[in-house]
Amino acid sequence: MSVQNSPEGFTISSARNVYSMLMEAKAPGTDAFDAHVIACILAISFAEAKAEHIPLVDAVGLEADQLTDLVETCFPDALAWLSRDIGRRDIARSADEACLLDLLKSGAGRQTVFAHRLAALVARRAQRPNHLWQDLGLRHRGDLSELMKRHFAPLARRNSHDMKWKKFLYRMICADAAFSLCTAPSCAECGDFETCFGDETGESLLARGRRAADLHGSRSAA
């Protein structure tokens, strides 16, 4: 499938195609894991933006010039076809997202432009309803844990009990504000332990998209 000629009804089932095209366009000096993470986030966001008829900037939470620079740095050969979908308007953030962005920026291991842009991507995608690793388009929770340890090490070290990442991040916001949503005296005495620490498995949204595309292709050929 050519992204340039993608139909109006572009859906999440095509996100895997975008991921592949981005990785093929990876700049030689870009770290392989970082490129994988950014490609996952852009691919799932691109597909959702098309499906929901919104600019890509709204799906990723970066201003147009920031997103353009990120793509040009990591995937320079992809900028030509991706740039027309980026959109040009100011990013509006909810109070929750703004707090999460501040937390991630302050918890970055290195205060770099890349870390701050990654923080914005994570904060925006955390507003989606699934596990955070799924809404980042990642393969599994392990990818998200590696991302956090690599770029937000001070925060990652605070998650010593391996709490679900989205739950942990918002709990940190509450703690920084001297307020807690949790009334249990300790995790060991909590009656809702699974909410914070339970299984965080599931299907990758990119993998789900590929399966849907394969099924659609099989039906079309029948």
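Can you tell me the length gained on complete extension of the stretch residue 31 to residue 106, counting 0.36 nm per residue apart and subtracting the Cα distance? Before the final figure, lay out each step's value.
Values: separation 75, 0.36 × 75 = 27.00 nm, distance 2.28 nm.
Full-extension gain reported as 24.7 nm.
In Å², and per residue, what accessible area does region 60-137 have when probed at 1.4 Å with the other protein chains present?
44 Å²
Taking every Cα atom in region 41-157, find the radius of gyration and the maximum pairwise distance Dmax, and write them in Å.
13.7, 39
Hey, for a label at residue 113 modelled as a point 7 Å past Cα toward Cβ, could you say which residues of region 53-73 have their backbone N under 12 Å away?
Residues 65-73 fall inside that zone.
Can you tell me the order of 70-78, 91-99 when each peptide is scored by its average per-residue count of other Cβ atoms within 10 angstrom, highest first?
Result, highest mean Cβ count within 10 Å first: 70-78, 91-99.
For region 57-100, what size does the Cα cloud have along each of its three principal axes, sorted from largest down, in whole Å?
36, 18, 13
Residue by residue, what Karplus-based ³J(HN,Hα) values in Hz, rounded to whole numbers, does region 152-157 have, using 6.51, -1.76 and 1.60 with θ = phi - 60° and x for Gly and Pro?
Result, ordered by residue: 10, 4, x, 5, 4, 5 Hz.
Order the peptides 124-133, 80-89 from the highest to the lowest mean number of other Cβ atoms within 10 Å of their residues. Please list the in-between numbers first.
Values: 124-133: 18.7, 80-89: 14.1.
Packing proxy ranking, top to bottom: 124-133, 80-89.
Once R0 is set to 45 Å, what does the formula 1/(1 + (r/R0)^6) return for the Cβ-Cβ distance between residue 150 and residue 53, expressed as a FRET efficiency to the nearest 0.05?
0.85
At R0 = 25 Å, how high is the FRET efficiency between residue 95 and residue 65 if r is their beta carbon distance? Nearest 0.05 is fine.
The pair residue 95/residue 65 has a calculated efficiency of 0.55.
Taking the Cα-to-Cβ direction at residue 20 and at residue 160 and moving 7 Å from each Cα, how far apart do the two end points lie in nm?
4.6 nm
The values are calculated or read from the model by the stated rules, or taken from the named source; none is laboratory data. In this text the structure is predicted, and so the values were computed from the model without any measurement. Backbone-built Cβ (ideal geometry, glycine too); neighbour counts: all protein chains shown. For the accessible areas, the whole protein counts, side chains as well, though only heavy atoms, and no ligand, DNA or RNA atoms are used. Shrake-Rupley method; radii C 1.70, N 1.55, O 1.52, S 1.80 Å.
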